[in-house]
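Data block below; observations after.
Rule-based calculations on the coordinates, nothing more; no lab input. Keep in mind the model is a prediction, meaning the values are calculated, not measured. Glycine also receives a Cβ, built like all others from the backbone with ideal geometry; neighbour counts cover every protein chain displayed.
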C-alpha cells in the first residue's frame, strides 16, 4: 500500500511539472511572435538606411569616418556576448559560451568581454573570462532604447581608443529548430554596398558628406545592435520553445509509465487480498 | 496629389508616421530646412528637435533625436534614432527627464558621459517643445 501512495505522489508532482513546462512553452511562443513582429517592424527602416548608405557610398569616394577607419594597431579586442536572460532553453547558452571561448582563444589577443543578458553569472565567473560590463536589464522583447544603450556604450569603447576592435558573438536564428553561433565584426565597421544601383542622381548633401556619413553610421551601428539583439532573442525563445516541448512530452511518457506501475501495484494488492481471504476461508473450512 | 509629398518617419522600432503632407519643416544640423513638393534630391543629417508637417491643412508635430533625412521624388523619409509624435508625448515624463539630465550635467560626476547627458537633455527639450506646439 505504501508503494501505491508513493507512486501517486510522484504522478502528482510530474503532472505539476508538466503544467509548468507547458506554460513556459506558451510564454516562449508568444515572446517569439512578439520578437518576430518587431523584426518585421524594423525592416522598412533597415531597407531605407541601406539605400541612403548606397547613395552615399556611390556619391563620393574617400569617405572618412571614425567608425570606419581601423586603428593603427590592434592591441585590445572587445567581444560582445549575447546570452539569454535565463536557462531552460536547451544548449542555447552553453553552446554560445563554448563558441565564445574558442573564438577568444583563436584571437589570442588582449580582450575584454561585454555580456548582454542575465544568464549564468556564476558560470561566467568560473570561466575566468575578463568581463568588463554586463547589460542585465535587457528585456525578452528588446526595444530601441535598450539597443541604443548597448550601441552607445560600444561606440564609446571604440572611439575612446580603449579597444581597437569590437566583435559580436551571438546565436543567429536560422529556423525554429536551428541556431548558428556566429561572430561578426562590429567596429571598425565595413558597410557594404548592396547589389541594386542607386538612383543615379545628384544629391544635395546637407551640411556635407562627412557629417551625413557620421549620422548614417550612427544609425547603421544602432541598427546592427538592434537586429542582433532581436536575432539572438528569437533564437532564445525558439530554443526554449523546443526544450519545453520536449520536456512536456517526456513528462507525458513518464506519467504513463507511472500509471502502469500504479496499476500493477494496485493489481498486486488486490491479488494478495483475495488470496488472503481465500486462504483464510479454506483454513476455517478445514477446522469444521 | 500633384503638390503633395509622401512624408514618413521611421525608426528601428517601426514606422512612426506615414502620411501625405504638403509641407514639412525639418531640423538639420546646420539649420531647419523646409521641404515642399518637387524638392531636389537631398540627403541630410538630422539633429534633435521638432519636425512640423502640414497634412490636409493641419499642423502636426513630432520630436526626433538625430538621424538622416532623405528626399527623392517627393518621398521624404526621416530615419531617426528615436521619434515620437506629439500626440503620444507625456509632458510630465519629458519634464522629469529634462530635470534628470540637468542634474546629471550639473553634478558633473566623473562616471557620467557628458555627451550622452547633453543629448538626453536636448531630446527632453525637443519633446516638451513638440508638446507645447501641439497644444498651443
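Annotations for the structure displayed:
- Point-to-point label distance, residue B:22-residue B:87, nm (Cα→Cβ direction, 7 Å offset): 2.0
- Alpha-carbon centroid distance for the pair the range A:251-288 / the range A:67-106, whole angstrom: 61
- Length gained when the stretch residue A:118-residue A:9 is fully extended (0.36 nm per residue, less Cα-Cα span): 35.8 nm
- Look at the alpha carbon pairs under 8 Å that are at least 6 residues apart: their mean separation over the length of the range A:1-146 gives a relative contact order of 21 percent.
- Judged by the gyration tensor of its Cα atoms, with axes a ≥ b ≥ c, the range B:90-134 is prolate; a/c meets the 1.5 cut and a/b is the larger of a/b and b/c.
- Over the protein assembly as shown, DSSP H runs of length four or greater, each weighted -39,500 (n - 2.57), average out per residue to a 222 nm ellipticity of -18000 deg cm²/dmol.
- Distance between modelled label sites at residue A:190 and residue B:99, nm, 7 Å Cα→Cβ extension: 5.0
- Counts of other chain beta carbons within 10 angstrom of each beta carbon in peptide A:225-232 average 1.
- Value in Å of the Kirkwood radius, where chain A supplies the Cα pairs that are averaged: 23.0
- The range B:5-86 shape via C-alpha gyration tensor axes, a/c threshold 1.5: rounded
- Residues A:244, A:24, B:114, sorted so that the one with the fewest Cβ neighbours within 10 Å comes first: B:114, A:24, A:244
- For residues of B:39-51, the mean tally of beta carbons on other chains within 10 Å: 4
- For residues of A:39-47, the mean tally of beta carbons on other chains within 10 Å: 4
- Anisotropy class of the range B:35-122 from Cα gyration tensor, a/c 1.5 cut: oblate
- Per-peptide average of other Cβ atoms within 10 Å, ordering B:9-16, A:248-255 highest first: B:9-16, A:248-255
- Computed lengthening from residue A:250 to residue A:174, 0.36 nm per intervening residue step minus Cα-Cα distance: 24.8 nm
- Take the Cα of residue A:102, go 7 Å toward its beta carbon, and the backbone nitrogen atoms of the range A:78-95 under 14 Å from that spot belong to A:94-95.
- With Cα atoms as the point set, the radius of gyration and Dmax of the range B:2-46 evaluate to 11.3, 31 Å.
- Going from the fewest other Cβ atoms within 10 Å to the most, the residues A:124, B:36, A:230 appear in the order B:36, A:124, A:230.
- Per-pair calculated FRET efficiency, R0 = 51 Å: residue A:288 and residue A:26 via Cβ, rounded to 0.05: 0.15
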